[in-house]
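Step one of this worksheet: look at the structure below.
The values are calculated or read from the model by the stated rules, or taken from the named source; none is laboratory data. Bear in mind that the values here come from a model prediction, so they are computed numbers and not experimental data. Here the Cβ positions follow ideal geometry from the backbone for every residue, glycine too, while neighbour counts run over all protein chains shown.
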Amino acid sequence: MQSIKTKVAIIGAGPSGLLLGQLLANHGIDNVIIERVSGDYVLGRIRAGILEQGLVDLLREAGVSKRMDEEGHIHDGFAISYYGKSYRIDLNQLTDGKSVMCYGQTEVTRDLMDARADKGLSTYYSSKNVVLQDIETAHPSVKFEHDGVSYCLECDFIAGCDGFHGVSRKSIPEEKRQEFERVYPFGWLGILSDTPPVADELIYCKTEQGFALASMRSSTRSRYYLQVPLTDKVEDWSDQRFWNELKNRLPSESADTLVTGPSIEKSIAPLRSFVCEPMQLGRLFLVGDSAHIVPPTGAKGLNLAASDVAILYGLLRKEYNGEEQNATQRYSELALTRVWQAERFSWWMSNMLHDFKDDAGEANNMDQKTFERFMKSELDFYLSHEEGQKVIATQYVGLPYPQI
Ligand code: RFL
Ligand code: PHB
């Protein structure tokens, strides 16, 4: 067994782990990342596309924003199409000048990976049998195998940035954590295609046939999603079937101008709301998807991971520079307030915009048609009043990060 040492052991090289590693390294806080899969595999996962100002600022602070600032697109608004009638949420006007950045998670991850390589920081990709040890002591460590060699990484702290299916959360004994969960009765089928986006801004569509989202990665690459039953398989959806159904769900003026083409990625993602409390035990901190999942309807998952990173990074700095002893003990409490706000917003948007068939009424102790009417009038109210639109816009651009 080879022994290595660092200050912060980071589990997972997704955006949470890479961003935390970069920010800490910039301040001389040594860290090592252990990742289960290869770097190429991480980059092959097509996920988020919308970055809040908080994340944009954090990427700038980390010194990895050059390409985002050149190639990303600022979006000052988005549309909600509601049974064919479109409302524009003018983010800029409704939030005193705020906006969001359209720049893919894949590109954020690539920029962070490149910056990490440039700094020569260690990342153990394709690691196996990762085990967290002694997290409730002053000397935690991580055991893992890499390239046939067994390692023991001794550290001061462990940041569990290993997503929903990782080992970190499960390393907290069941009796010391509480989990909150809502699994939705449908998934999102997403495709990526090298076709110009159907509109300059995103369109979230609520229709009789279910939800659809028109999004993008650039002026030549589109990302579209359809709500589908959980029983559907990717193989059930030829490109032609996808485009036909998307046209059915887009507002007619967009359907008429939609440019179709071969998909370059197609996948189905289940939808879930999930929170683990607390987000820390001893010297282990859960960051991003390892602690919480939101349905993608509010574009909050990656952004929430970023606010966790900002909080933990701020507290670790305070602790390492001697400004505040045990500052990190405040992590979970500070992070959870913002987490629950984003959970609530994503759940609310999901409720209003999807077709729940028989599920939601039952879950809310009412028959389905009553639930549908409530949701319809909820959306109606928010879209047709400026105050309502402000409530949506304020949350979509992202609530402020807590003061540390
Ligand atoms: P990740 O990205 O899952 O990375 C975790 C990493 O940990 C590794 N890992 C392990 N490493 C070592 N040992 C183990 N035992 C390990 N087990 C796992 C994994 O291989 C992986 O590399 O978590 P992270 O970094 O917290 O980042 C979270 C975001 O990826 C996620 O919240 C967003 O993608 C969610 N999301 C969106 N968020 C937004 O803010 N805006 C959006 O527009 C948005 N759209 C989306 C989304 C997620 C989607 N899917 C597929 C779930 C759209 C979709 C379709
Ligand atoms: C995306 O472009 O992948 C995307 C955008 C907004 C969302 C979800 C996903 O709400």
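For this structure, a couple of remarks:
- Extreme residue, nearest to T207 (Cα to Cα), among residues of the range 84-102 that are of a type in the set (G, A, S) and in contact with a strand residue (DSSP E or B) (Cβ under 9 Å, 6 or more places away or on another chain): G84
- When we screen L334, L383, L379, L353 for residues that are farther than 22 Å from Y87 by Cβ and surrounded by 14 or more Cβ atoms within 10 Å (Cβ to Cβ), the only hit is L334.
- Residues that are away from ligand 2 (no atom under 16 Å from the Cβ), touching a residue at least 24 places away in the same chain (Cβ under 8 Å) and surrounded by fewer than 24 Cβ atoms within 10 Å (Cβ to Cβ) within the range 35-48 comprise R36, V37, S38, G39, V42, listed in sequence order.
- Going through (1) farther than 30 Å from L192 by Cβ; (2) modelled with pLDDT under 95 one by one, G314 falls short only on (2).
- Whichever residue in the range 210-245 is within 16 Å of ligand 1 (Cβ to nearest atom) and assigned to a helix (DSSP H, G or I) and, among such residues, is farthest from P185 (Cα to Cα): F242
- Output for the range 267-300, where each listed residue is touching a strand residue (DSSP E or B) at 6+ places or on another chain (Cβ under 7 Å), closer than 27 Å to K206 by Cα and of a type in the set (G, A, S): S267, A269, S273, A299
- Among the residues making up the range 115-165, those that are assigned to a strand (DSSP E or B) and either aromatic (F, W, Y) or within 16 Å of ligand 2 (Cβ to nearest atom) (or both) are Y124, F144, Y151, F157.
- Where helices (runs of 4 or more DSSP H) sit wholly within the range 270-381, those with at least 3 residues that are within 19 Å of the chain's Cα centre (by Cα) occupy 301-320, 331-353.
- Per-region count, the range 198-209, residues assigned to a strand (DSSP E or B) and within 15 Å of ligand 1 (Cβ to nearest atom): 2
- Any chance S267 is within 16 Å of ligand 1 (Cβ to nearest atom), in a loop (DSSP other than H, G, I, E, B) and out of contact with any helix residue (DSSP H, G or I) (no Cβ under 6 Å at 6 or more places or on another chain): no
- If you go through the range 103-112 and pick out every residue that is touching a strand residue (DSSP E or B) at 6+ places or on another chain (Cβ under 8 Å) and either in a helix (DSSP H, G or I) or surrounded by fewer than 22 Cβ atoms within 10 Å (Cβ to Cβ) (or both), you end up with 1.
- Listed by first and then second residue, the pairs linking a residue in the range 281-304 that is within 13 Å of ligand 2 (Cβ to nearest atom) to a residue that is among the acidic types (D, E), with Cβ atoms under 7 Å apart and 6 or more places separating them unless they lie on different chains, are V294/E343; G301/D289; N303/E52.
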